[in-house]
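Heads up: the structure comes next, in structure tokens.
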Amino acid sequence: MPFLLPASVTQDNVLQLEKDGLLNLSALRTVDCGNLKDFDSTVLTLLLAWQKKLQADGQQISVQNAPEKLTVLAGVYGVAELLGLS
């Protein structure tokens, strides 16, 4: 079962989301961004933190249903390939 991101990922909720994800590492292998509407570069920080943890465990993150804005933002910050968004 994938980890579902909420509609909003901001500085207000990113720390709790990071903790929630780290408590369920197996779900983080697939992160569903289909609900994501309100976000900024904070979401990239979150996804990269999860990716780092998964890589330490020999696993890889898979970001699915990424909104176009997220793909563009990842490209601008040069992390699209790291997150499989290129």
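The values are calculated or read from the model by the stated rules, or taken from the named source; none is laboratory data. Since this is a predicted model, take the numbers as computed values, not measurements. Neighbour counts are summed over all protein chains in view; Cβ atoms, including those assigned to glycine, are modelled from backbone coordinates with ideal geometry. These accessible areas exclude ligands, DNA and RNA; they are computed on the full protein's heavy atoms, side chains included. Shrake-Rupley method; radii C 1.70, N 1.55, O 1.52, S 1.80 Å.
Of all the criteria given as (1) at pLDDT 95 or above; (2) open to solvent by 30 Å² or more (accessible area, probe 1.4 Å), the one not satisfied by Q60 is (1).
Taking the listed residues K37, K69, K19, the one that is in contact with a Pro (Cβ under 8 Å, 6 or more places away or on another chain), surrounded by fewer than 14 Cβ atoms within 10 Å (Cβ to Cβ) and without any contact (Cβ under 8 Å) to a residue 40 or more places away in the chain is K37, with no other qualifying.
Selection of first residues in region 45-66 that are more than 11 Å from V31 (Cα to Cα) and touching a residue at least 24 places away in the same chain (Cβ under 8 Å) and of second residues that are open to solvent by 60 Å² or more (accessible area, probe 1.4 Å) and among the polar types (S, T, N, Q), restricted to Cβ pairs under 8 Å at least 6 apart or on distinct chains, gives the following pairs, ordered by first then second residue: L54/Q60.
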